[in-house]
Amino acid sequence: MRLSGKHIVLGVTGSIAAYKAAYLLRGLVKEGAEVQVVMTPSAKEFITPVTMSALSGKPVASDFFSANDGTWYSHVDMGQWADLMLIAPATAATLGKMANGVCDNLLITTYLSAKCKVMIAPAMDLDMFRHPANLRNLEILRSFGNIIIEPGEGELASGLHGKGRMEEPENIVEEVVRFFDQKKKLGNKHFLVTAGPTHEKIDPVRFIGNYSSGKMGYAIAGELADAGAKVTLVSGPVQIKTTNAGITVIPVESAKEMHEKCLEIFPETDGAVMCAAVADFTPESFSGAKIKREKDDLMIRLKPTNDIAGDLGRIKSDNQLLIGFALETNDELSNAFAKLKRKNLDLIVLNSLNDAGAGFGVDTNKITLIDKGNNLTFFELKSKTEVAADIVCAIISEMGKREELLD
Ligand code: CTP
């Protein structure tokens, strides 16, 4: 039984595919999972709570309290109890509410309270699925770190043919098993991740910064934590937040602060992923008072910052992994090879600003991975979450090789 001891909240919404949720529930229980079913009011129009309760061996939660015996279904408790929340089928309406935090039923309040990973299996007609509103909601949910189980193509309940069918229950069970298997892979590991830009102060109201949003670093931290690692995320000033329980965020502002924190944390870790866009130069002096518009021009003298990745490369032990990024505009491969060597990295992730959809601010990225043996792996343009998953896969395989060598 591959899911023994796992706690899963199965959310069911009002789609004709709700009947498949019974097979899905059966599959999860057969693998040993303990499943708490939460149904939306309209889901109960498609399949009865009695079926789901009989299959799960637990009362179905649908309202905030049971009218029969006054049982209170705490969305917070369910959200904390779950190792995984799976919403299958998820209608367009539910996706919209999840993306916007509209908590008008127990399922959505549980979703907002969940500390665990959330998997979503959409089910709807093809035109609803491909509507920009729905695609935008799915993108928002992906950016929250939720896993979308893509619907299949085929005959739909409406009689139309296209993309929108909920993935088959047995395939969803396999996805769930894979998710928990993946989780074990970095079970006892600790990773340092840097993310975002740094702000180098000029005076009390001005700084030198860059366009980094932190999305790539936060996505990598999320994937590492989902693979079971303890993650310390040293983050420059960003707009995004993480609710992942496996991540401890240490906010910093300047390259100097980031350098100090990283040197302090790195020796306790099994590796570091250097995703931050660290300023290479900082003002030589900070003006305590706001600089006034007095002269025709203004000279600000800059001095170099410390190369954080380079310094970690110098103190790195044989069983620590160091992964860096190279964002290049020209001579991409030769620059990346040189950085890999200069900073004593084990892997470098190259992204070129010449590739449409790669780089700062956007939700996508296109990468090439280069290892110490100068082996190249090229990847397609993907969402930053998917890119993060590819990078973490490479980290897991690199850790595996290393452990074999050290055995
Ligand atoms: N990096 C770092 N500390 C710095 C500068 C960069 O830790 N002061 C890390 C980045 O997080 C990234 C890698 O080094 O993982 C490469 O960063 P990049 O800015 O591409 O390289 P630089 O060394 O700054 O070289 P250049 O700006 O000349 O391309």
If you go through the range 160-177 one residue at a time, do you hit one that is within 30 Å of residue 3 (Cβ to Cβ), in contact (Cβ under 8 Å) with a residue 40 or more places away in the chain, out of contact with any strand residue (DSSP E or B) (no Cβ under 9 Å at 6 or more places or on another chain) and not assigned by TED's automatic domain parsing to the domain that holds residue 30? no
Looking at the range 318-341, which of its residues are closer than 17 Å to residue 193 by Cα and among the small types (Gly, Ala, Ser)? 324, 326
All-but-one check, residue 148 against (1) under 29 Å from residue 237 (Cα atoms); (2) at pLDDT 95 or above, failing number (2)
If you check 328, 398, which single one turns out to be within 12 Å of the ligand (Cβ to nearest atom), surrounded by fewer than 20 Cβ atoms within 10 Å (Cβ to Cβ), modelled with pLDDT under 95 and closer than 25 Å to residue 258 by Cβ? 328
Considering every residue within the range 300-307, establish whether at least one is of a type in the set (S, T, N, Q) and without any contact (Cβ under 8 Å) to a residue 12 or more places away in the chain. no
In the range 289-325, what residues are more than 10 Å from the ligand (Cβ to nearest atom) and in a strand (DSSP E or B)? 302, 303, 321
If you go through the range 185-220, how many residues are touching a Pro at 6+ places or on another chain (Cβ under 7 Å) and of a type in the set (Gly, Ala, Ser)? 3
Condition test on residue 370, is it among the hydrophobic types (A, V, I, L, M, F, W, C), without any contact (Cβ under 8 Å) to a residue 40 or more places away in the chain, within 23 Å of residue 218 (Cα to Cα) and more than 10 Å from the ligand (Cβ to nearest atom)? yes
Identify all residues within the range 278-288 that are in a loop (DSSP other than H, G, I, E, B) and hydrophobic (A, V, I, L, M, F, W, C); write none if there are none. 278, 279, 286
If you go through 108, 147, 140, the only one that is closer than 30 Å to residue 224 by Cβ, among the β-branched types (Val, Ile, Thr) and touching a residue at least 40 places away in the same chain (Cβ under 8 Å) is 140
By my count, helices (runs of 4 or more DSSP H) wholly in the range 1-112 with at least 2 residues that are among the aromatic types (Phe, Trp, Tyr) are 18-30
Would you tally the residues in the range 331-355 being more than 10 Å from the ligand (Cβ to nearest atom) and either touching a residue at least 12 places away in the same chain (Cβ under 8 Å) or not assigned by TED's automatic domain parsing to the domain that holds residue 382 (or both)? 10
Any residue at all in the range 224-240 that's assigned to a loop (DSSP other than H, G, I, E, B), within 14 Å of residue 197 (Cβ to Cβ), more than 9 Å from the ligand (Cβ to nearest atom) and free of Cβ contacts under 8 Å to residues at least 40 places away in the same chain? yes
Hey, can you tell me all the residues within the range 331-385 that are modelled with pLDDT of 95 or more and either in contact with a His (Cβ under 9 Å, 6 or more places away or on another chain) or on the phi > 0 side of the Ramachandran plot (or both)? 344
Residues being touching a helix residue (DSSP H, G or I) at 6+ places or on another chain (Cβ under 7 Å) and small (Gly, Ala, Ser) - total across the range 311-356: 3
Answer yes or no: is there a residue in the range 269-284 that is surrounded by fewer than 17 Cβ atoms within 10 Å (Cβ to Cβ), more than 21 Å from residue 196 (Cβ to Cβ) and more than 15 Å from the ligand (Cβ to nearest atom). yes
Considering each of 264, 257, 253 in turn, give the residue that is within 16 Å of the ligand (Cβ to nearest atom), out of contact with any Ser or Thr (no Cβ under 9 Å at 6 or more places or on another chain) and of a type outside the set (Gly, Ala, Ser). 264
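The values are calculated or read from the model by the stated rules, or taken from the named source; none is laboratory data. In this text the structure is predicted, and so the values were computed from the model without any measurement. Methodologically, a virtual Cβ is constructed for each residue, glycine included, from the backbone with ideal geometry; neighbour enumeration extends over all protein chains shown.
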